Amino acid sequence: MGDASTQPGSSEPAYLKPYADATRAYGARFESLLWVSEDGQRRRFAVLAGALHIAQARVADCGCGRADLLTYLLDHASVPAHYVGIDGVEAMVRAGQEVIERRAAGIGRCERGDFVADAALFARLVEQDGINTIIFSGSLNTLSQRQAEAVLERAFAALSPGGVLAFNFLSSLHTRPGVREEGPARRFTTLAMLRTALEQTPLVRFWHDYLGGHDATIVMRKA
């Protein structure tokens, strides 16, 4: 996995560098999350919120940024039982923690972590925080598909029975003409991602209709 290594002259792994560079340029703002639009971000969040039993969820939001997912849930009266935001960029962690302290004090925390490099992270969150729902929203986009699959398999393995893994990614089935691919984000082979999920559990749900085929969401429940 050569693209996981730290680039020459950089203190961040290649998959974190685009976010770290953007945060240095813009601060902990929406632009640094590398989303194309706030509307697209909200539509992805809406799919996740509709798919999960948030009131019973003890959530690990992996690649949480400014805790925008938590903000969305709070704005729509979907309050998780517990929330831990994980991000590899310290400025984003601070911004996310400020959201918690301002809007949901006592619900949990944001902390710095690298879910690619730290093989024990998911098991630790399940053991220490009772996490039963692990979410990746947009946070797999700078990984190779092989890296993303390895991260997801490790996360799913760490969950206890009944636990849920939910994630979205840019779909290879995207067919809108005239749209250029820009930035560091990568498209994954959608049917391969779905097949990998089904190899781990038959309890899989799949969405591909919310952004015109541009994006896909998969939710896996551990039997």
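The values are calculated or read from the model by the stated rules, or taken from the named source; none is laboratory data. As the structure is a computational prediction, the values presented were derived from the model and not from experiment. Positions of Cβ are generated from backbone atoms using ideal geometry, with glycine treated the same way; all protein chains shown enter the neighbour counts.
Condition check for residue 153 on (1) in contact with a Ser or Thr (Cβ under 9 Å, 6 or more places away or on another chain); (2) closer than 19 Å to residue 81 by Cβ; (3) not aliphatic (A, V, I, L, M): one failure, at (2). The single condition among (1) in contact with a helix residue (DSSP H, G or I) (Cβ under 6 Å, 6 or more places away or on another chain); (2) buried (at least 19 other Cβ atoms within 10 Å of the Cβ) that residue 88 does not meet is (1).
Could you give me the residue pairs with C-beta distances under 8 Å whose first residue belongs to region 141-159 and is at negative phi, whose second residue is of a type in the set (Val, Ile, Thr) and part of a loop (DSSP other than H, G, I, E, B) wherever it lies, and which are 6+ apart or on separate chains? From region 141-159, the pairs are 143/116; 145/189; 147/116; 151/116; 156/201; 159/131.
Going by what's in this entry, would residue 118 be described as touching a residue at least 12 places away in the same chain (Cβ under 8 Å) and more than 22 Å from residue 202 (Cα to Cα)? Spelling it out, it is not the case that residue 118 is touching a residue at least 12 places away in the same chain (Cβ under 8 Å) and more than 22 Å from residue 202 (Cα to Cα). Of all the criteria given as (1) part of a helix (DSSP H, G or I); (2) among the charged types (D, E, K, R); (3) at pLDDT 95 or above, the one not satisfied by residue 111 is (1).
I'd like to verify a number: residues in region 81-100 that are outside any helix (DSSP H, G or I), without any contact (Cβ under 8 Å) to a residue 40 or more places away in the chain and not β-branched (Val, Ile, Thr), how many? Counting residues in region 81-100 that are outside any helix (DSSP H, G or I), without any contact (Cβ under 8 Å) to a residue 40 or more places away in the chain and not β-branched (Val, Ile, Thr) gives 4.
If the condition is being in contact with a Leu (Cβ under 9 Å, 6 or more places away or on another chain) and at positive phi, then region 192-223 contributes only 213.
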